[in-house]
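Peer 1: Starting off with a structure, shown below.
The values are calculated or read from the model by the stated rules, or taken from the named source; none is laboratory data. Quick caveat, the model's predicted, so the values are computed rather than measured. Positions of Cβ are backbone-derived with ideal geometry, glycine not excepted, and every protein chain shown enters the neighbour counts.
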Amino acid sequence: MVLYRPLRQAALLLLPFTTLLLLTYVYYQPYDPKPFQNLESHGTSGVALAKSNNTVKAAFVVLVRNSELDPLRASMRQMEDRFNHKFHYPWVFLNDDEFTEEFKAKTRGLASGETLYGKVEDSMWGYPEWIDQTKAREARERMEAEEVMYGGSESYRHMCRFQSGFFFRHPLMLQYDYYWRVEPGVEFSCDVDYDPFLLMQEKDMKYGWAVTIKEYESTIVTLWDTVKKFMKEYPQHIVPKHDPDSLLPWISNDGGESYNLCHFWSNFEIGSIKWMNSPAYMDYFNYLDKSGGFFYERWGDAPVHSIAAALMLKKDEVHWFYDHGYFHNPFGHCPREPEWVANEKCLCNPKDEERAFGKLIPGLELILIVRNVHKLDTHWYSCTPQWLEVTGKKRTDYLITTR
Ligand SMILES: Nc1nc2c(ncn2[C@@H]2O[C@H](COP(=O)(O)OP(=O)(O)OP(=O)(O)O)[C@@H](O)[C@H]2O)c(=O)[nH]1
Ligand SMILES: [Mg+2]
């Protein structure tokens, strides 16, 4: 006891110094500017990363109507719970109408980051002067009669054109380097315990996706011909087709003669705002826009973005967010790491055989064949197997692990 007391006194005296020393050590740990291990490594451990220092200029972007508040809130809740409560990235909401006070209050209340609300002006959501509106109306009527999905909708066309060529240059978006697109009603079913924006920034990647599918040909009849003319006129923007880094074989099975309809499903996208604002992408969008296909046909932003990425980006600039659980009616993606479901990292079940379809898809065979929506990655309707073949990667190469 006699010996113990002076020891205890000494320990109490030293405690503040040791605490101070420890805190100083932690604070001055050097920042590792390259937190991601080599993405090119084909080892099964995938990509590893350190914790985010959250310095990326990035935001979620949601084009949405006031009427979609409830499904939007459900998606926001999941995004916050799965990812953003640790990172607090801002949310940017865009609308061709004014947002209501109710919409603002009920989204602000869910967001762990700042919320911004922007009106899309007519210059980004109207007919350009070179469009013949009678021809556009006739096209809608014809496509409606042919039961092309959204073929008769005018607003859908404005939406697709906005998503193809304008959202990234909306004044609210120009302050950011990266965006993550979210739609009302989508589901995020796995914990994301790393920062995808930081991954993109560190690896200088320009485009990230979760699901690939094939486009309805009837919506893009002249798109590829227009793209071919663009490639001839602007060869400086195109990755040469014999370059081993070219992604052309992913979208064309015959060296660029025709389009195989493969595209990234753009309702999930993590992308570079700088790339979209680049002369290459802008020349491409303006060229397509001048041809009128957004109105005379029904070109979707998914094939438009995907063709741009496949022609103008190199393999390593495009990333599959394989480790994200994602669902947009009627398709989804669930990582096939069994222990991720067991340990509650993921709620989706990779073994799911059934999923209720919320709405009818034209072409009943599609509903019957694509029953197994969470296994879409390996289905004929998916273009992910071709992606792995073209890039020479395995799904496990896309696993991001925490060091
Ligand atoms: N403000 C506004 N947003 C729209 C309009 N049309 C679509 N959007 C939004 O644009 C995004 C894409 O539209 P969707 O209707 O989901 O199109 P889609 O994903 O091809 O089709 P769905 O299968 O219906 O989801 C969603 O975030 C919508 O909320 C519109 O007229 N005004
Ligand atoms: Mg949608």
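Peer 1: Quick check, is residue 91 crowded, with 17+ Cβ neighbours inside 10 Å, under 22 Å from residue 274 (Cβ atoms), hydrophobic (A, V, I, L, M, F, W, C) and more than 16 Å from ligand 2 (Cβ to nearest atom)?
Peer 2: Spelling it out, residue 91 is indeed crowded, with 17+ Cβ neighbours inside 10 Å, under 22 Å from residue 274 (Cβ atoms), hydrophobic (A, V, I, L, M, F, W, C) and more than 16 Å from ligand 2 (Cβ to nearest atom).
Peer 1: Residue 351 - would you say it is within 16 Å of ligand 2 (Cβ to nearest atom), modelled with pLDDT under 75 and farther than 30 Å from residue 238 by Cβ?
Peer 2: When the stated conditions are applied, residue 351 does not pass them.
Peer 1: Which number in (1) modelled with pLDDT under 80; (2) surrounded by 15 or more Cβ atoms within 10 Å (Cβ to Cβ); (3) in a loop (DSSP other than H, G, I, E, B) marks the one condition that residue 324 misses?
Peer 2: Answer for residue 324: the failing condition is (1).
Peer 1: Within the range 126-142, which residues are buried (at least 18 other Cβ atoms within 10 Å of the Cβ) and within 15 Å of ligand 1 (Cβ to nearest atom)?
Peer 2: Listed by number, the list holds a single entry, 140.
Peer 1: Any residue in the range 319-334 that's in contact (Cβ under 8 Å) with a residue 60 or more places away in the chain and among the hydrophobic types (A, V, I, L, M, F, W, C): show its pairings with residues that are within 16 Å of ligand 1 (Cβ to nearest atom) and assigned to a strand (DSSP E or B) at Cβ separation under 6 Å, as long as the two are six or more apart or on different chains.
Peer 2: What qualifies is 327/187.
Peer 1: On to the next question. Report, by residue number, each residue of the range 192-201 that is of a type in the set (D, E, K, R) and either within 15 Å of the chain's Cα centre (by Cα) or within 13 Å of ligand 1 (Cβ to nearest atom) (or both).
Peer 2: Passing the criteria: only 195.
Peer 1: Here is a follow-up. Look through the range 143-191, keep the residues that are of a type in the set (A, V, I, L, M, F, W, C), outside any loop (DSSP other than H, G, I, E, B) and more than 9 Å from ligand 1 (Cβ to nearest atom), and return whichever of them is farthest from residue 343 (Cα to Cα).
Peer 2: Per the criteria, the residue is 145.
Peer 1: On to the next question. Please find, within the range 182-197, the residue that is farthest from residue 66 (Cα to Cα) out of those that are within 16 Å of ligand 2 (Cβ to nearest atom) and buried (at least 18 other Cβ atoms within 10 Å of the Cβ).
Peer 2: Among those that are within 16 Å of ligand 2 (Cβ to nearest atom) and buried (at least 18 other Cβ atoms within 10 Å of the Cβ), it is 188.
Peer 1: Quick one: how many residues across the range 316-337 are within 16 Å of ligand 2 (Cβ to nearest atom) and either of a type in the set (S, T, N, Q) or touching a Cys at 6+ places or on another chain (Cβ under 9 Å) (or both)?
Peer 2: Total meeting the criteria: 5.
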